[in-house]
Amino acid sequence: MSLLVASVAVPRPVRRLFTYSVPPALAPRCRRGVRVVVPFGRRKLTGYLLDVVEEAEPSGLPGNLRPIEQVLDPEPVLDEAILDLTRFAADYYVASLGEMIRCALPGMKAAMRQVVSITPEGRAALEAGGGLLHDAALPAIAVAPMTREILGVVAEFTSGRGAAIRLEDLKRRVGPRFKARDLARLRQAGFLEVSEIAASPGPRPHLEEHAVLRQGAALTGAGGPRQRLVLHVLKEAGGRQEVRELLRLSGATRATLRTLEKHGLVGVEAEETLRRPAALEMPLLSLPDVTPTPDQEMAIEAIGGALAAGTFATFLLHGVTGSGKTEVYLRSIEAAVRSGRKALYLVPEIGLTPLLARRMRSRFGEVLALLHSGLTDGERYDEWRRIRDGRVDVVLGARSAVFAPIPDLGLIVVDEAHDACYKQD
């Protein structure tokens, strides 16, 4: 008999991989580079699956391998280039591979939630209605009214709605009298179990719903005045409008829209809307023409020559503040983009990005992406996907942007390379 086992990196300061069994139901989705939820001690963690092999039992593997519990991604989020880079960085800096991979992904951590379920012993004790809870390893403990109430709420909720109740829902139902120690006593007695599940896999594409007026739909085809008003507002908007705005303008409800859908008068379509960083939405600047100085021209030509040769080279550009280094960077980036390659521009501090982003967007247009930890998780995720999919030519960011999945990278600019902000303890 064989067993599928997976090697998983976890974001903890441990320089080794961990082995988990692969449940048959999850086997088709367990691919190299996907995120998985795994038990780790008494917690659940978002890990990164690096390998799956088939092992014959027994083969020296522990007989109590814990299974992977969830696969968070339909497709791998880590490609071979990022895996190679994070492995190199982990080895070079004597760091955990799991922590390094976490740094490379844009806030893609599953949101874990604690849930509470009742055990058969807990139901039996509750139904018996006796005054004592008994456990073989514990002395008899009195059933205080509060512990019975907690047990009763969990039993009532899980009898018809599912196997567990969220911990925050349990606290809300019990009210201010809820005490963590009462829950701990019930867990210790074996009557309740508290576990963690992945409530959300992390950032996902933002979908925006739009209502579409179906061809041939007439205002008289709707039943009530509210439905006719929805159709009128939609027609005035050109036959297509964002659902929330449509409901606000018409004063209608979702139920009204569903009725119109049912009668074929309106369709609702979901389309992705990118979450854009504020720095990329600012008005463009009017940039004056700049003639490079002889020193700038010499630096631009040297860097351009290396780009044309297609060989790796490093250049140290020295100059005081205001001496024109940024112009050299931007012209070198233009040369890289003209050659069909992409560029990464690193700055030491997030605070430097807004003004520079505005200047670079005025110069390069919509092919600029911004990537740093000051963005929301959704903004970072959308910018990361634009970069990965090759939809941008230039990436501007702080030190974490060094992990950006940039295809055909031709130039890396490290502005103020001496700054200590590039270092991490």
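Hey, does region 49-57 have a residue that's at pLDDT 95 or above, within 21 Å of I197 (Cα to Cα) and open to solvent by less than 90 Å² (accessible area, probe 1.4 Å)? Yes, region 49-57 contains at least one residue that is at pLDDT 95 or above, within 21 Å of I197 (Cα to Cα) and open to solvent by less than 90 Å² (accessible area, probe 1.4 Å). Of the residues E236, E242, the single one that is acidic (D, E) and within 30 Å of G374 (Cα to Cα) is E242.
Among the numbered conditions (1) exposed (fewer than 15 other Cβ atoms within 10 Å of the Cβ); (2) within 17 Å of C103 (Cβ to Cβ), the only one that F403 does not meet is (1). Does I82 satisfy the criteria of being more than 20 Å from Y20 (Cβ to Cβ), modelled with pLDDT of 90 or more and in contact with a helix residue (DSSP H, G or I) (Cβ under 7 Å, 6 or more places away or on another chain)? So I82 fits the description; yes.
At least 1 residues being open to solvent by 70 Å² or more (accessible area, probe 1.4 Å) and either modelled with pLDDT under 75 or in contact with a Phe, Trp or Tyr (Cβ under 6 Å, 6 or more places away or on another chain) (or both) is the threshold, and among the strands (runs of 3 or more DSSP E) wholly inside region 101-142 those reaching it are 132-135, 138-142. Residues satisfying the criterion are absent from region 261-268 (criterion: open to solvent by 70 Å² or more (accessible area, probe 1.4 Å), among the aliphatic types (A, V, I, L, M) and on the phi < 0 side of the Ramachandran plot). On the stretch given as region 291-322, residues that are touching an Asp or Glu at 6+ places or on another chain (Cβ under 8 Å) and polar (S, T, N, Q) total 1. Every listed requirement among (1) in a helix (DSSP H, G or I); (2) exposed (fewer than 14 other Cβ atoms within 10 Å of the Cβ); (3) of a type outside the set (G, A, S) is met by R226 save one, (2). Counting the residues of region 12-48 that are of a type outside the set (K, R) and part of a loop (DSSP other than H, G, I, E, B) gives 9. Restricting the first member to region 266-295 and to residues that are closer than 23 Å to E366 by Cβ, and the second to residues that are part of a loop (DSSP other than H, G, I, E, B) and open to solvent by less than 70 Å² (accessible area, probe 1.4 Å), the beta-carbon pairs closer than 8 Å and six or more apart or on different chains are E272/P205; E272/H206; T273/H206; L274/H206; R275/H206; P277/L375.
Restricting T158, T147 to those that are crowded, with 17+ Cβ neighbours inside 10 Å, among the hydroxyl-bearing types (S, T, Y) and in contact with a helix residue (DSSP H, G or I) (Cβ under 6 Å, 6 or more places away or on another chain) reduces the list to T147.
Taking (1) over 35 Å from the mean Cα position of the chain (by Cα); (2) in a helix (DSSP H, G or I); (3) under 30 Å from L231 (Cα atoms) in turn, G264 satisfies each apart from (2). Is there a residue being in contact (Cβ under 8 Å) with a residue 12 or more places away in the chain and under 25 Å from V290 (Cα atoms) anywhere in region 373-384? For region 373-384, residues in contact (Cβ under 8 Å) with a residue 12 or more places away in the chain and under 25 Å from V290 (Cα atoms): absent.
Screening R32, R43 for residues that are closer than 21 Å to A404 by Cα, touching a strand residue (DSSP E or B) at 6+ places or on another chain (Cβ under 7 Å) and surrounded by fewer than 17 Cβ atoms within 10 Å (Cβ to Cβ) leaves exactly one candidate, R32. The residues of region 269-288 that are open to solvent by 70 Å² or more (accessible area, probe 1.4 Å) and either of a type outside the set (A, V, I, L, M) or in a helix (DSSP H, G or I) (or both), listed by number, are E269, E271, E272, A278, E281, P283, S286, P288. Can you find a residue in region 191-212 that is over 31 Å from the mean Cα position of the chain (by Cα), in a helix (DSSP H, G or I) and either modelled with pLDDT of 85 or more or farther than 30 Å from L396 by Cβ (or both)? No: zero hits.
The values are calculated or read from the model by the stated rules, or taken from the named source; none is laboratory data. Please read these numbers as outputs of a predicted model, since none were measured by experiment. Here the Cβ is made from the backbone with ideal geometry for all residues, glycine too, and neighbour counts use every protein chain on show. With ligands, DNA and RNA removed, areas are computed over all heavy atoms of the protein, side chains included. Shrake-Rupley method; radii C 1.70, N 1.55, O 1.52, S 1.80 Å.
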